[in-house]
Amino acid sequence: MGTSRFTGATTVDEVIGTDAMLNRVLSAHGIDTCCGGGLTLAEVAEAQGIELSQILNALNTPGAPSAAAAQSPPALQAAAP
């Protein structure tokens, strides 16, 4: 697939609607996925003071949710009795 899925005109809600796991990618960039869902990626990039290309590259990279999950801290596990 040679085209990007997401553009600056894509809304946060559209991203989450495509793949809920992409919430991790957005959150890693400080993007509010709860109250800012109607905003476009270009609008949230400007509001966060980050380059739109950073967000688009992260979202359009194959395996983006998996890559974001790999950067999350590991879950705590209870010690075996």
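FYI, it's all coordinate maths here, none of it is from the lab. Here the structure is a predicted model, which is why all the values come from computation and not from measurement. Glycine gets a Cβ as well: all are built from the backbone with ideal geometry, and neighbour counts include every protein chain shown.
Below is a table of values for the structure above.
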quantity	calculated
Cα-centred dipole magnitude for the range 1-57, charges only on beta-carbon of K, R (+1) and D, E (-1), debye, nearest 20	160 debye
Relative packing of peptides 54-61, 42-49 - highest average C-beta neighbours within 10 Å first	54-61, 42-49
Amide H contacts under 5 Å for L39, placed H, 5+ residues apart	V12, D13
